[in-house]
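Notes for the one structure printed next.
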Amino acid sequence: FEPELQTEVARVVLAQSITLTPGTITVEVDGPKFCVHALDESMAEGIETCGFVQKLQKLERTLHV
């Protein structure tokens, strides 16, 4: 999936938070694209619209990135 994050720091924070979530792991981040594996489909549901992405976007706006 491709979250709309502008900074590398925000993408790293998101990748690590996904990996810390039980049953999911971020395999690769290539620019704006994330490759995430999950133990089953239900664990990946809603990843594109997760609240944490929205919080990172708000942080980027606050920091004027």
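The values are calculated or read from the model by the stated rules, or taken from the named source; none is laboratory data. Predicted model, so just to flag it, every value in this text is computed and none were measured. All Cβ positions, even for glycine, are placed from backbone atoms using ideal geometry, and neighbour counts span all protein chains on display. Ligands, DNA and RNA are excluded from the accessible area calculation, which covers all protein heavy atoms including side chains. Shrake-Rupley method; radii C 1.70, N 1.55, O 1.52, S 1.80 Å.
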Could you compute the net charge surrounding Gln54? Neighbours are other residues with a C-beta less than 12 Å from the C-beta of Gln54; K and R count +1, D and E count -1. 0
Express in Å², to the nearest 10, the accessible area of Glu2 obtained by rolling a 1.4 Å probe over the protein heavy atoms while all chains stay in place. 110
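Send over a whole-number figure in Å² for the accessible area per residue of the chain, probe 1.4 Å.
Details: 4710 Å² over 65 residues.
That works out to 72 Å² per residue.
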So how exposed is Ile47, as accessible area in Å² (1.4 Å probe, rounded to 10)? 30
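Considering only protein heavy atoms and a probe of 1.4 Å, how much of the accessible area of the chain is carbon and sulfur, as a whole percent?
Values: 2610 of 4710 Å².
Solvent-exposed carbon and sulfur of the chain make up 55 percent of the total.
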Stokes-Einstein D in µm²/s, Kirkwood radius over Cα pairs - the chain at 20 °C with 1.002 mPa s viscosity: 178
Diffing the stretch 43-50: the Karplus 3J(HN,Hα) column from phi (6.51, -1.76, 1.60, θ = phi - 60°), in whole Hz with x for Gly and Pro, holds 6, 9, 4, x, 4, 5, 10, 5
